[in-house]
Amino acid sequence: MNREKRKQSILAGGLISTAGIFVSKLIGLLYMVPFTAIVGSENMIFYSLPLNVYTYILNVATAGLPFAVATMVARSVTFDDYKTSLLIKKLAHIVMFAFGVVSMLLLVLCSGLISSFQVAQEYADQLRNSYLILAAALIFVPMLSAGRGFYQGLKDMELNALSQTLEQIVRVAFVLCAGALCVYVFHQDQIWAAYFGVMSTGIAAIAALLHLRFYDRKQMPRLRKLAKEQETKGNDDKQALLKEMLWIAFPYLLMAALGYSDMIVNSLFLNQGLLAYGYSEAASSLISGAITGQIQKLMSIPMVLAPGFSAAIVPYLTVNIAKKDWKQVRRNIDDCLGSVLYIGIPISFCLFAFATPIYYVMYGGGEMLPIYGDILRWYALEAFLNTIGPIFNAFMMAGGLAKLNLRNLGIFALLKIILTYPMIMLFGYSGSVLSTVIAYAINILLDVYAFKKYFHFSFRYVNRRMILMLICTGALYAVSLVCPFIGLKGYDCGRFMALIQLGIAGLLSVGAYAALSCYFRLPQTIFHIDFKKILKRG
């Protein structure tokens, strides 16, 4: 199958994009093991809290104008209008540079207020330093996302995958090298490792921008040649294109601001809520640091499916809706939902079933290990919801239901803001997850109703497949319960031996899920795989 044919498959696009994000997140997950030792658990909060705010701003930036660019470019290329596509690219870089400057200035101005709200006053100045260092990265990251949005519109998902992986490699290399040199060679306070960790976001963004510029040198001559040979007149009205770009981008930007609000709300209310629940200041700092740092990294494993398939669905739905091919639109939705559920359910459940061994293998935990394991079990549920929720949002936006989607997300954000602090105060860290579950449940039910009404999409096949997936997940859980009785506990031993035990237990459990799902013909129907043909070729 050649490259052009692969680009026509939404499954291929989603999986390629997800693969790049997964490698990026996996690198980010693994580096936390040595970085936690370098920075110290007590200083992790000065790294993880600013990084959560940065991730929120990044999610908003990458879900706004880049989606608009991808939509407009995909539509232009569909009608062989390369002149307009190149002009869109130029305008997008200008807008995103301005967005980056404004974001940087706002974070600088608000850094003191945010720091005072998140931690006790004696730590506020140190946290503010992290925010000031982080602000510089906000100039470069939006410009990077604009370039990625352009190639996303061309359905070139390979570039996005490679770019994200490169960005993460550079960031991790800088974090570990700079932190280790500062602490172990120059014998500085460990908090400097946290500062260098925050600084790495800007360094990595610059490296990814340079890579994108190199890719432009290879691809732009071909696109300019196609634009020059174009017989039809392109749209050269910059003002009209800019207006359309912002008109399309604003709902996406607002969608991201509301849809990812659970992340920023948790960061703002978690520490204060834990204190109100009754934890000491030291314990609440450790728990907050673990949730916004190590737990957040583990949650990102299933969550990579959301941005990967959300990015892939936009150009395909845009083209099919433009052609009024409603049958293909419904097929795209069915393929995307089936793929995300089939992969996301077992991965999220593995975080629940093996929570304590996973945390022990990755980060140790010491006396706090039982608490950290319980926290991860709760947040595995939130990880699954954060995997599914953005997919529904992408469907709604790409399907032209922006106003309805924003209303639903507004309800989600309002519920999350109202419920988070009182529920943490009543139930501790589990209250944060429960507030997300309530908000997301209502949001997804409203989206499902919209699908049925406007797309005439039947969830009969999705529901049937989901029931079969849950039965397969039951087999996974049954094997995970048996594993400790055959010596595969995954903790209470050295971390290397625990890793081996966890690996074997994980393979046995996931193998049970895969075998039973193959019996039910789930991968065959979702991914259109013919195992008999593959075996015959083999």
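Every number in this text was worked out from the coordinates using simple rules, so none of it is lab data. Everything quoted here is computed from the prediction, not taken from an experiment. Note that we place each Cβ from the backbone using ideal geometry, even for glycine, and neighbour counts take in every protein chain shown.
Details
- When Rg and the Kirkwood radius Rh are both evaluated on Cα atoms of the chain, their ratio Rg/Rh stands at 0.96.
- Candidate lysines - alpha carbon under 21 Å from residue 90, same-chain residues fewer than 8 apart omitted: 155, 218, 225, 228, 233, 238, 243
- Sequence-separation-based contact order of region 459-538, relative, with Cα cut under 8 Å and 6+ spacing, percent: 31 percent
- Dipole of the chain, positive end: most advanced residue of 73, 136, 463 [Cβ charges, Cα centre]: 73
- Placing dummy labels 7 Å off each Cα toward the beta-carbon, the span from residue 283 to residue 225 is 6.8 nm.
- Using the Karplus relation 6.51 cos²θ - 1.76 cosθ + 1.60 with θ = phi - 60°, the per-residue 3J(HN,Hα) values for region 244-255 come to 5, 4, 5, 5, 6, 5, 4, x, 5, 5, 5, 4 Hz, with x marking Gly and Pro.
- Whole-angstrom gap from region 229-273 to region 466-538, using each part's C-alpha centre: 39 Å
- When the P(r) is computed for region 143-263, the part past 18 Å accounts for 69% of the Cα-Cα pairs.
- The length gained by stretching the chain between residue 243 and residue 367 to full extension, at 0.36 nm per residue less their Cα-Cα distance, is 39.0 nm.
- Proportion of all alpha-carbon pairs of region 172-228 beyond 12 Å (%): 70 percent
- Value at 222 nm in deg cm²/dmol, rounded to 500, when DSSP H runs of n ≥ 4 in the chain each add -39,500 (n - 2.57): -28500 deg cm²/dmol
- Under 23 Å between alpha carbons - lysine pairs in region 319-477 that sit 8 or more apart or on different chains: 11
- With both labels modelled 7 Å from their Cα along Cα-to-Cβ, the residue 524 to residue 42 distance reads 6.0 nm.
- Our summary gives region 380-524 a relative contact order of 18 percent, counting only alpha carbon pairs under 8 angstrom and 6 or more residues apart.
- Panel order for 192, 247, 378, by other beta carbons found within 10 Å of each beta carbon, from fewest to most: 247, 192, 378.
- Segment residue 452-residue 508, length gained on full extension (0.36 nm per residue, minus Cα span): 16.3 nm
- Value of relative contact order over the chain, rounded to a whole percent, pairs C-alpha under 8 Å and six or more apart: 20 percent
- Contour excess over end-to-end distance, with Cα ends at residue 181 and residue 213 and 0.36 nm allotted per residue: 8.4 nm
- Likely footprinting exposure, 55, 232, fewest C-beta neighbours within 10 Å first: 232, 55
- Per-pair calculated FRET efficiency, R0 = 60 Å: residue 486 and residue 102 via Cβ, rounded to 0.05: 0.55
- Coil-residue chymotrypsin sites (Phe, Trp or Tyr not before Pro) of region 64-121, DSSP, other Cβ within 10 Å capped at 13: 79
- Residues 350, 182, 518, sorted so that the one with the fewest Cβ neighbours within 10 Å comes first: 518, 182, 350
- A Förster radius of 22 Å combined with the Cβ-Cβ distance from residue 470 to residue 515 puts the calculated FRET efficiency at roughly 0.90.
- Simple label model, 7 Å out from Cα along Cβ direction - residue 80 to residue 326, nm: 3.0 nm
- Calculated FRET efficiency, residue 33 to residue 94, Cβ-Cβ distance, R0 = 51 Å: about 0.80 to the nearest 0.05.
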